[in-house]
1. If I go through region A:188-227 residue by residue, how many of them are within 24 Å of B:Phe231 (Cα to Cα) and aromatic (Phe, Trp, Tyr)?
2. Testing A:Val180 on (1) within 30 Å of B:Gly130 (Cα to Cα); (2) at pLDDT 90 or above; (3) surrounded by 18 or more Cβ atoms within 10 Å (Cβ to Cβ), one condition comes back false. Which one is that?
3. B:Val143 - would you say it is free of Cβ contacts under 8 Å to residues at least 12 places away in the same chain and either within 12 Å of another protein chain (Cβ to nearest Cβ) or acidic (Asp, Glu) (or both)?
4. Name the helices (runs of 4 or more DSSP H) wholly inside region B:252-351 in which the number of residues that are surrounded by fewer than 16 Cβ atoms within 10 Å (Cβ to Cβ) and either modelled with pLDDT of 90 or more or acidic (Asp, Glu) (or both) is 3 or more.
5. Taking the options A:Val139, A:Val180, A:Val163, name whichever one is without any contact (Cβ under 8 Å) to a residue 12 or more places away in the chain and β-branched (Val, Ile, Thr).
6. Starting from region A:325-345, keep only residues that are among the basic types (Lys, Arg), then list their pairs with residues that are surrounded by fewer than 12 Cβ atoms within 10 Å (Cβ to Cβ) whose Cβ atoms are within a distance under 7 Å, requiring at least 6 positions of separation or different chains.
7. What pairs come out if I take residues in region B:232-251 that are closer than 17 Å to B:Val119 by Cβ and more than 9 Å from every other protein chain (Cβ to nearest Cβ) and pair them with residues that are hydrophobic (A, V, I, L, M, F, W, C) and in a loop (DSSP other than H, G, I, E, B) whose C-beta lies under 8 Å away, six or more apart or interchain?
8. Looking at B:Val405, is it within 21 Å of the chain's Cα centre (by Cα), over 26 Å from A:Ala242 (Cβ atoms) and of a type in the set (Val, Ile, Thr)?
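The values are calculated or read from the model by the stated rules, or taken from the named source; none is laboratory data. In this text the structure is predicted, and so the values were computed from the model without any measurement. Note that each Cβ is placed from the backbone with ideal geometry, even for glycine, and that neighbours are counted across all protein chains shown.
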Amino acid sequence: MSTRRQAGAVRSLARRAALALAVVTAAIPGARADATLVPIPLETLPGRTLGNTPVVLSARGLEIPVVGDAVVALPFPAQELEIEAAADGPVLLSWSGRSGSGFRPYGPPWRYVAVPREPAPLRLDLRIAWGWAPSARPVLYLLGTGTLVVRAMRARPVPRDPVAIAAALDGALLWAPESVGHTTINLLTRSYWSASRRTWLSDVVAGAALAVFLAALAVSWLRHRRFHPGLALALAGLVALAAWNAHFLVRFLPMANLRPQHDVEARIRDNYYFSPEFGALAALARATLRAGERVGVSGERGDWFAPQTLCFQLAPRPCVIVERGAEVHSGISRVGRLRSEELDAIVSFHGGPLPDGFETVAAVTPEAVVARRR
Amino acid sequence: MTFLVATALFVASGTAIIRVLRLDVRSPLADAALAWLVGSGWFATIAPAMRFGVGLPLSAVGAVLVTLAPVAFWGALGMRRRAAAKTADGAGPLASAPAAPPYRLPRPLWAYLPMIAYVAIVAAAVLLHGVNTPTHTDDGVRVRAFAPMLAFADEWGAEARALFVMAGPIPTFVPALGWMLGGAGDPFHPNYAVLAELVALLFLAVGLPSARGSPERGWSSAFALLSIPLFVYHCTSTYSDAVLAMRVGGGVLLALEYARSRDRRDAERAFLLLGFAALVKREGELVAAVPAALLAAQLAAERLRGRAFPWVALACAAAPVALGAVAKVAAVGLAGAFPMFRVLVVESGLSDAPAAAVHPGLRMQAAAFFFDQALFRSGNAGMIYWVLPVAIVARARALVRSGLVWSLAAVGALLAEVAASSILIVPQYTLDQSTVHRALMVASVPAALWIAAALTDAAAERDGVGERDDGGGGSAARRRRHREGRGTRP
C-alpha cells in the first residue's frame, strides 16, 4: 500500500471516528437535559452524504452547488440541526427525514427556510418535518440557483430512552408553527396532543371542556341548589374555543408575515415564501417588461406553479405559457393565445435554453432570466 | 390607493341602496359593513349583466357610473321627498331606522377582554399577512384571481368567459374596479377584496348587536368567527371559498338577528345579503339558496300567524341572482352557465350523460373521513363541530321556544349539502383532502355565528335565573324588549 493511500485511509478513519464520537457523546444520558447542540466536524461529511450533488469541503466550509434542485442526506440521525450557512444566490432549504425508502421534502408539512446571503444560523427542527424517526437521516433539499456554503453544523442527537424520544416528538409537534405551502390552502397541519400515541388535540380539549361543564354544574348546585346548564355550557364552550384558539395563535403568528411593506414590488420580490428565486424573477420581469409587450413564460416540465403565477404577475400584458415544440401557446386557464413568432419577450424560470432569436436582458440567476427578441 | 377609492365608491353605492330600501341600522360600523356588502354586490350584479347581457364594454367611466347610479337615485329621491315634505309640511326625508344607542363595552369586561384581544390580534395578523402575500395558484391548475384582470382588460374570449362562470361575478368584478380607476399596477387587489369582506363581516358581527345594546353577542360572534383556523388562513389568500362563506355567514348573522329582534328589516337585510352571496363562485346559487329558503319558510310560517310575507324583500334578493344568471347564460350559454347544477343532474341519474363511477366503498371511506377527520379531528374547523352538538342538546328546550331553531336548520342544511357533495359527488376529493376542508367553510362560518348566539343566550340565562330567584321576572334586556313589543329570547 502506498504512503498516499495509507494517509487517505487514516484521514478517512479519523473522519469516521470524529463523527461517531460526536454523535455518541451527544447521545449519552444527561446530554438531552441541557439541550446541548453537538458540533459536527464538517470534514467528516464529504463522501459520507447521499444525494444527487457533490459536497465539497473548502476553506469557506462545506460547499453544495445548487442548480434547480439538490438533495443531501446527512449520515447521522438527529432531532435538530443548526447550521451556519449562506448562499450566493436565491436558495430555499427544505428539510425532512429519510428512513427506509424515501423522503418527502414537500410534506405536508413542508418545512423550509430561505438561505440568507450573509452567514447566519439556521435552526432545522427535524421532528416537525415529514418522516422523522429516531433512526431517520436528515435530508436537506435545496431549490434555487447558487452555492450553499455551510460554515458550521451542530446537531441535537436523538435520545436513547424511548420515553424521552416520544416526549421530544410530542412537544415539538404540539407547538410547531404552521408553514405556508402549496397544500396549506386545503388543509392545515394536524394537531396532536401526543403524536407518538396518536392522541388528537381536539379529543383532549373536548375532554377538558367536558370537565369544565361538569364542574360548573356542580358549583351551581352547591351554591344555588339547582343546575344552571346554560352557564355551564357557555363556560365549557368558551374553554373549548379559547383553548384551540390559543394553540392556533401560537402556530399561526410565527407563520404570518407581520412586517408592513408599502412597496408592491418589494412584496412580490420578497414574499413568495417558498420560492425566493421565483419572487425575485417576478419582480424583475415586472420592472423590465413594458406594458403591452407580449410575453411567453417558460418553466420546467411539469412545473404548474411558476408559469401560471408569472403570467398573473405580468398581467395585463398578453402572456402565454410556452410549451416546448408547440407553435401556438395559451395563457392561464388557456385564456389568450400567441404564436411563437408573436412573442416579444420570454421569462424563463428553470426553463432551459432560450428559443432562437432571444437574448437575456435581465437575470436573477442564470436559470431565472428575462429575455427579449434580438 | 385606487382600491381605497373603489372601496369608497362601493360604500357610497351601498349606503344609497340601504337608505333607499330603508335597511340601514343607524350604526356607523354596521352600516358601513352593510354598505360594502351591498354596494360591491350591486356592482357585481350590474356590471356583468351589462357586459354580457347587453354587450356594453365596461370602461372606467362606465364602471363609475354603474357604481354611483344608486347614489344619484338616492339623491333624486331625497330631493323629491324634501319637496313633497315642504308642500305637505310633513316629516323629514327618508326617515328610516331610529338612531342607535351609544356603544358600550361588553360586561363583565374582564371576561371579554381576552376575546377582544384575540379578535384584534388575529384580525391584524390576517390583514398584514393577507396584504403582504402575493397570489399563488389554485388547486395547482387555476388562478382564480386572474378573473378580475380579465374584467379590467375587458377581454372575454370563450376561455375567459368560462373563468368568469367559475369565479362568479363578485370575485371577478369587485377587485377590478380599482384597476379600472387607476391601471393594473398593483396585483394585490384580489387580496384587498377578500380582506375587505372580512373587515365588513367583523364590523357587522360586532357593530349590529352592539348598536342594539348587546356588545357581548357581537364580540362573541367575532370570536367564534375567528375560531375556524382554515377560514382564518383562507382570508389571507386570494381564494374565493372564504368570500362565499363570509357572504353566506352575513346572511345567517342577520337571520339570527331577526330571531331576536323580530324586526322584519333584519330578515330583509338577510335576504339581500344572501342574494349577493349567490354571485360568488360557481356553487354560490346552490349554497345561498339553503339559508334563504329556510328564512323564507320561517316567514311563511309566520304568515300563517298573521304577519305579512315580505315579497318585495324576496324580490330584491332574487334580483341579483336572476341578473347573475342572465350574465352567465349570456356569457357561456345555458349549458355551461350552471356547472354545479349539471353535476347534480348527472349524479342523480336524471341526465343521459354518464356519471363518474364511484365505488360504494369509496363513499363509505369518504363518509367516515368526513365525520371523523374533517369535522372533529383535523383542526381545520377548530372546535366548532364539537361545541355545536353539545349546544344543541344542552339548549334543546330553549331552542324550541326561540327563533334560533330556524337558523340552526339553515346550518344543518348547509352541513348536509356539503356532506352530500363530499361523500356522494366527489368522495375522492374528500379522501385526498383537496377540497373537503374548504368546502366545509360555508357551513362552519354560519355554525360559528350560531354557536356564539346560543352561548351568549346561555350565559345570559343566569341573569334571568337570578332575577327569578329574587322575584324579579326578567333581565333588563328582557324588560326592554317587552316594552318594545319584541319577542322573548330563550
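1. Count: 3.
2. Every listed condition holds for A:Val180 apart from (2).
3. Yes, satisfied.
4. Fully inside region B:252-351 and qualifying: B:284-304, B:311-332.
5. Unique residue meeting the criteria: A:Val163.
6. Listed by first residue and then by second, the contacts come to A:Arg337/A:Val328; A:Arg339/A:Glu327; A:Arg339/A:Val328.
7. Sorted first by the residue in region B:232-251, then by its partner, the pairs are B:Ala242/B:Cys235.
8. It is true that B:Val405 is within 21 Å of the chain's Cα centre (by Cα), over 26 Å from A:Ala242 (Cβ atoms) and of a type in the set (Val, Ile, Thr).
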